[in-house]
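K.L.:
One structure is given below, represented as structure tokens, and several questions about it will come after.
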Amino acid sequence: MYTLVYKDVLAILKSKATVPSLICIGAALVTMHGSSPVGVFLLCMPTYYFVAYSGMYDYKYAQERFYLSLPVSRSEWVLSRYLSCLLVAFATLLLAFAAGSAGSFLGLPVRAPEAVDTVLAIFASCLTTGISLPFQFRLGYDKTRWINFIVMIVNSAAVSAAREMMRPDNSIVTERVTSLIMLSSIVAIALAVQAVSFAVSCALFAHREF
């Protein structure tokens, strides 16, 4: 199973999505320096690119039939894709934090993601994959391309709006909203969405015929 995760990550690094992902991370650091909520949206883009390109790769090269011949179960294959998505999301945030911290130290107009940015970016990424992957495992990439795009736009826009509401200078915000308990709850919900989505994907993919 870990070989499948390695394959997914290697495929996305060699794809055309790498450069746009790096551009989105850089743009996110600049927009967050200006206190724009768009930064959270941009931090979700690498995960979206991964979902889209990994599905396209499997579809283009008919990899799904090949995977079924490997000594791994269908559920393990599904799990590897979810783990790959989480890995990309966390790697994006780690890179953004490192680049933002270095840029700030050098006096560049950038800012590393704060705790709220990080939590909301994870939440949006989990929602994007949590909703998109079950459709992809049931219908395949070709029939779900626009579903992936729509889900990504709606989720990221909603989370960006939530980030705007959680700004310290916003009158809607209270200490309770920005507390550690609230942020931990958002992470818990995101992981719960992933768990439910994984179970649904396994059930749907188990009955899919090729």
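K.L.:
With Gly130, Gly140 as the choices, which residue is surrounded by fewer than 21 Cβ atoms within 10 Å (Cβ to Cβ) and not charged (D, E, K, R)?
P.N.:
On the way: Gly130 fails: surrounded by fewer than 21 Cβ atoms within 10 Å (Cβ to Cβ).
One residue alone meets the criteria, Gly140.
K.L.:
Return only the number of the condition from (1) under 17 Å from the mean Cα position of the chain (by Cα); (2) under 25 Å from Ile186 (Cα atoms); (3) modelled with pLDDT under 90 that Phe97 does not satisfy.
P.N.:
(3)
K.L.:
Right, next: Given the residues Phe90, Phe149, Phe105, Phe123, which is the only one that is crowded, with 19+ Cβ neighbours inside 10 Å, of a type in the set (Phe, Trp, Tyr) and out of contact with any Pro (no Cβ under 6 Å at 6 or more places or on another chain)?
P.N.:
Answer to the check: Phe123.
K.L.:
Applying the selection to the stretch 35-52, what residues are touching a residue at least 12 places away in the same chain (Cβ under 8 Å) and more than 13 Å from the chain's Cα centre (by Cα)?
P.N.:
Step one: filter the stretch 35-52 for residues touching a residue at least 12 places away in the same chain (Cβ under 8 Å), giving 35, 37-52.
Those that are touching a residue at least 12 places away in the same chain (Cβ under 8 Å) and more than 13 Å from the chain's Cα centre (by Cα): Ser35, Pro37, Val38, Gly39.
K.L.:
What number of residues within the stretch 104-118 are touching a residue at least 40 places away in the same chain (Cβ under 8 Å), over 15 Å from Met45 (Cα atoms) and part of a helix (DSSP H, G or I)?
P.N.:
Result for the stretch 104-118: 2.
K.L.:
Which residue pairs have Cβ atoms under 8 Å apart, sit 6 or more places apart or on different chains, and have a first residue in the stretch 54-73 that is under 13 Å from Gly140 (Cβ atoms) and a second that is surrounded by 17 or more Cβ atoms within 10 Å (Cβ to Cβ) and small (Gly, Ala, Ser)?
P.N.:
Ser54/Ala11; Ser54/Ser84; Tyr57/Ala11; Tyr57/Ser15
K.L.:
Ser101: touching a Phe, Trp or Tyr at 6+ places or on another chain (Cβ under 7 Å), closer than 29 Å to His33 by Cα and in a helix (DSSP H, G or I), yes or no? It would help to see each step written out before you state the result.
P.N.:
Values: touching a Phe, Trp or Tyr at 6+ places or on another chain (Cβ under 7 Å): no; closer than 29 Å to His33 by Cα: yes; in a helix (DSSP H, G or I): yes.
So Ser101 does not fit the description; no.
The values are calculated or read from the model by the stated rules, or taken from the named source; none is laboratory data. Bear in mind that the values here come from a model prediction, so they are computed numbers and not experimental data. Don't worry about glycine lacking a Cβ; one is built from the backbone with ideal geometry, like all the others, and counts go over all protein chains shown.
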